[in-house]
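First the structure, in the form of C-alpha cells, and then the observations on it.
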Amino acid sequence: MSEQKTHYRKVFKSDHLGVADLEDFIEAKSGMVFTIRQVKQEVGVRVAGKKGNFNIAYFKENIKPLVLNATNSKTMKQLSGGSSFVEDWAGIAVGLYIDKNASFGGEVTGGVRISPNAIKQRQQLTPESKGWNRAVDAYKRDGNLDKVLEHMDINQTNQALIMEIANNVA
C-alpha cells in the first residue's frame, strides 16, 4: 500500500501556482501545458506574504493563477511574437516546469517557469474546417474517430454530427 505524502510547502496555502502544485501534477502524471485566459496587472495584491503590484496569469484550465516574475514575463513576450503588452498574451498555450535553480531574495528556492518553447496547439475540428469531410470518411471507414482524434480535437457535439452524417450517407 502506497503512503500518501504531503509536500512541506502545502501548509503555506498559496493562492498562486507554485512548485508544490506542479509536483502534484507530476506525481499525478498530468500534463503541464495550460492556456492563458488573460493576464492582469494587479495593484496592491498580497503574494507570498508581501503586498505589491504583479502581472498575474489566469488559465482556461481550472488551476491556480501564476504570478509572472521578470523571467516568465520575458518568456511570455517571446512566445507572443515580441509583444510587451499583457493583453496580447491571452490564448497562448504554455508549458510549465520546475526550475530547481530559481532564486528569490538571493536564496535558491526553486520556482515555476514557463518553457520558452512554443506549444503547438491542436486544431479544433468543426463543420467549417477543411478536414471535416475527411473525418466523416474516416468514421465510415474505421467505425470510430480514433485516428482523427490523434491529430485534432473534436467536441462531443461535432463527434455526434460526424457519426450521424456518416451513418445516414449511403
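Quick note: the coordinates plus some simple rules give every number you see, no bench work behind them. Just so it is clear, the model here is predicted, and its values are computed rather than measured. Please note: Cβ atoms are built from the backbone with ideal geometry, for glycine as well, and neighbour counts cover all protein chains shown.
Odds and ends about this structure:
- Dipole axis of the chain (+1 Lys, Arg; -1 Asp, Glu on Cβ), positive-most option in Phe34, Leu17, Leu125: Leu17
- Burial ordering of Thr109, Thr157, fewest other beta-carbon atoms within 10 Å first: Thr157, Thr109
- Summing +1 for each Lys or Arg and -1 for each Asp or Glu among the other residues whose beta-carbon sits under 14 angstrom from that of Phe85 gives +1.
- Shape call, the chain: gyration tensor on alpha carbons, a/c limit 1.5: prolate
- Given charges at beta-carbon only (K, R positive; D, E negative), |dipole| of segment 76-161 in Debye: 240 debye
- Each other residue within a Cβ distance under 10 Å of Ala138 adds +1 if Lys or Arg and -1 if Asp or Glu, for a net charge of +1.
- Between Lys50 and Ser103, the simple spin-label model (points 7 angstrom out along Cα→Cβ) gives 1.4 nm.
- Taken about its Cα centre, segment 123-168 carries a charge dipole of about 140 debye when Lys and Arg each add +1 at the Cβ and Asp and Glu each add -1 at the Cβ.
- When only the Cβ of Lys, Arg, Asp and Glu is charged (+1, +1, -1, -1), the dipole of the chain relative to its Cα centre reaches about 440 debye.
- Cα lying deepest toward the dipole's positive end in the chain, options Asn158, Ala93, Val45, charges on Cβ: Val45
- For the residues Glu87, Glu61, Glu27, a GNM of the chain with alpha-carbon springs under 10 Å puts the largest fluctuation on Glu27.
- Listed by Cβ neighbour count within 10 Å, with the fewest neighbours leading, Phe104, Phe54 appear as Phe104, Phe54.
- Within the shell of other residues whose beta carbon sits under 15 angstrom from the beta carbon of Gln38, the net charge comes to 0, with Lys and Arg scored +1 and Asp and Glu -1.
- Using C-alpha pairs below 8 Å separated by at least 6 residues, the relative contact order for the chain is 17 percent.
- Rounded to the nearest 10 degrees, the angle from helix 70-79 to the longest Cα principal axis of the chain is 20 degrees.
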